[in-house]
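The values are calculated or read from the model by the stated rules, or taken from the named source; none is laboratory data. Small disclaimer: the values here were computed from a predicted structure and weren't measured. Please note: Cβ atoms are built from the backbone with ideal geometry, for glycine as well, and neighbour counts cover all protein chains shown. In case anyone asks, the SASA skips ligands and DNA or RNA and just uses the protein heavy atoms, side chains included. Shrake-Rupley method; radii C 1.70, N 1.55, O 1.52, S 1.80 Å.
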Amino acid sequence: TCFMSSLDLHTQCSYQLMLPEAIAIVCSPRHEPRFGIFRLTDPMGIDTIQNCKEKSAFHPHDDSKVIYANASDGSHVVLANYDFDIIDIRGT
């Protein structure tokens, strides 16, 4: 599955504060779906991440809150059907 890690969430928060229409594209070459397009919810997700005091790169956030949402549901991003390959350059 595709999801936003805590590092992704904090990075996206910075982008979305500067550019409210910013999206996060997360690739997962080894799983289906192979990619996801997400946005932090506003105000709940942005407020949660802005107020997060955790220092470690990867850490949990409150699962009871909807922090981010799918942006490719037609509300923010419309997908076109183009052929493309995703190549995992990280190695095996």
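Quick one: in the range 69-92, of everything that is of a type in the set (Ser, Thr, Tyr) and surrounded by 10 or more Cβ atoms within 10 Å (Cβ to Cβ), which residue is nearest to the chain's Cα centre (by Cα)?
SER72
Among the residues of the range 22-39, is there at least one that is open to solvent by 60 Å² or more (accessible area, probe 1.4 Å) and either more than 27 Å from ILE89 (Cα to Cα) or hydroxyl-bearing (Ser, Thr, Tyr) (or both)? I'd like the intermediate steps shown before the answer.
Here is the first cut: in the range 22-39, the ones open to solvent by 60 Å² or more (accessible area, probe 1.4 Å) are 23, 25, 27, 30-35.
Now drop any that are not either more than 27 Å from ILE89 (Cα to Cα) or hydroxyl-bearing (Ser, Thr, Tyr) (or both), which leaves none.
There is no residue in the range 22-39 that is open to solvent by 60 Å² or more (accessible area, probe 1.4 Å) and either more than 27 Å from ILE89 (Cα to Cα) or hydroxyl-bearing (Ser, Thr, Tyr) (or both).
Evaluate the range 2-11: report whether one residue or more is free of Cβ contacts under 8 Å to residues at least 12 places away in the same chain and either out of contact with any strand residue (DSSP E or B) (no Cβ under 9 Å at 6 or more places or on another chain) or in a loop (DSSP other than H, G, I, E, B) (or both).
The initial filter retains those residues of the range 2-11 that are free of Cβ contacts under 8 Å to residues at least 12 places away in the same chain, namely none.
No, the range 2-11 contains no residue that is free of Cβ contacts under 8 Å to residues at least 12 places away in the same chain and either out of contact with any strand residue (DSSP E or B) (no Cβ under 9 Å at 6 or more places or on another chain) or in a loop (DSSP other than H, G, I, E, B) (or both).
Mind listing whichever residues of the range 1-21 are open to solvent by 70 Å² or more (accessible area, probe 1.4 Å) and not aromatic (Phe, Trp, Tyr)?
We begin by selecting, within the range 1-21, every residue open to solvent by 70 Å² or more (accessible area, probe 1.4 Å); these are 1, 3, 7, 15, 17-21.
THR1, LEU7, LEU17, MET18, LEU19, PRO20, GLU21, listed by residue number.
Tell me which of these ALA57 doesn't satisfy, since it passes every other one: (1) at pLDDT 95 or above; (2) over 23 Å from ILE87 (Cβ atoms); (3) not polar (S, T, N, Q).
(1)
Is the range 52-64 home to any residue that is surrounded by 10 or more Cβ atoms within 10 Å (Cβ to Cβ), assigned to a helix (DSSP H, G or I) and either in contact with a helix residue (DSSP H, G or I) (Cβ under 7 Å, 6 or more places away or on another chain) or touching a residue at least 12 places away in the same chain (Cβ under 8 Å) (or both)?
Within the range 52-64, not a single residue is surrounded by 10 or more Cβ atoms within 10 Å (Cβ to Cβ), assigned to a helix (DSSP H, G or I) and either in contact with a helix residue (DSSP H, G or I) (Cβ under 7 Å, 6 or more places away or on another chain) or touching a residue at least 12 places away in the same chain (Cβ under 8 Å) (or both).
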